[in-house]
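A quick write-up on the structure given underneath.
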Amino acid sequence: MSLGDGSDGNHPAGTPQESTIRLRALAHPVRLRILSLLTGAPLTAAEVARELDLTHANASYHLRQLLAAGAIVVTAQERIRGGAAKRYRYDPDRDRDRERDERAKHDHQGQRVVYEAVSTELRRRAEHRRAGGTGHLADAELWVDPEVWAEVREQVADAMVRLHRAARAPRSPGTTHVNATVALFEMED
């Protein structure tokens with residue numbers, strides 16, 4: 001999941017209003033889970049509800065919030081049992097380049113709320129860590145050369161793009177259910 005630019009179509013990209021709308025939409029653990037699901041495959045509200053054990057109404061509500069914030073797109077509409085169902089998709093590639101340009105426009109408090117939502121979601125995922133499964137955990141608060149910092153940020157961003165592009169629909173045969181949570185940021189002295 002990337003903060004991206006989040007234009008909602010009603011406010012010009014990069015305005016404080018649209019940044020706040022996007023950050024509020026992302027600052028919810030259920031919506032972070034939905035973004036992860038929609039990276040692997042376009043899904044309907046009913047499919048999201050089944051996968052996350054939500055009511056259809058709750059899944060639809062969160063999808064509308066993400067759509068209004070510009071975090072997801074509608075990829076198709078189809079007829080299901082006499083009704084119309086939209087398929088939603090999250091495209092991390094769309095957000096990656098815009099994030100670099102828009103990062104400074106997001107308010108500090110809004111970003112803090114998103115970090116809190118991510119930490120809540122990480123705690124939930126950690127409860128489901130497979131015993132004996134492979135993984136890597138690292139934590140650091142360091143002072144490094146700016147050139148090294150830029151290089152590492154780019155490498156980590158590239159690795160996350162690679163994982164997002166490799167994502168498949170939930171429970172696809174031959175796949176492994178994984179977590180990848182990364183937070184790289186500069187700190188105040």
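The values are calculated or read from the model by the stated rules, or taken from the named source; none is laboratory data. Just so it is clear, the structure is predicted and the values come from calculations on it, not from any experiment. All Cβ positions, glycine included, derive from the backbone under ideal geometry; neighbour counts span all protein chains shown. Quick note on the areas: whole protein, heavy atoms, side chains included, nothing else; ligands and nucleic acids left out. Shrake-Rupley method; radii C 1.70, N 1.55, O 1.52, S 1.80 Å.
Do you know which residues across region 115-168 are free of Cβ contacts under 8 Å to residues at least 12 places away in the same chain, open to solvent by 70 Å² or more (accessible area, probe 1.4 Å) and hydroxyl-bearing (Ser, Thr, Tyr)?
The answer is Thr134, and nothing else.
Can you go through Ala71, Ala76, Ala25 and tell me which one is outside any helix (DSSP H, G or I) and in contact (Cβ under 8 Å) with a residue 40 or more places away in the chain?
Ala71
Per-residue answers, yes or no, for (1) at positive phi; (2) buried (at least 19 other Cβ atoms within 10 Å of the Cβ); (3) not aromatic (Phe, Trp, Tyr):
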{"residue": "Arg31", "(1), (2), (3)": "no, yes, yes"}
{"residue": "Leu43", "(1), (2), (3)": "no, yes, yes"}
{"residue": "Glu51", "(1), (2), (3)": "no, no, yes"}
{"residue": "Leu54", "(1), (2), (3)": "no, no, yes"}
{"residue": "Tyr61", "(1), (2), (3)": "no, no, no"}
{"residue": "Val74", "(1), (2), (3)": "no, no, yes"}
{"residue": "Ile80", "(1), (2), (3)": "no, no, yes"}
{"residue": "Gly83", "(1), (2), (3)": "no, no, yes"}
{"residue": "Tyr90", "(1), (2), (3)": "no, yes, no"}
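Say whether the condition of being farther than 26 Å from Ala69 by Cα, part of a loop (DSSP other than H, G, I, E, B) and touching a Gly at 6+ places or on another chain (Cβ under 8 Å) is met by at least one residue in region 123-140.
Yes, region 123-140 contains a residue that is farther than 26 Å from Ala69 by Cα, part of a loop (DSSP other than H, G, I, E, B) and touching a Gly at 6+ places or on another chain (Cβ under 8 Å).
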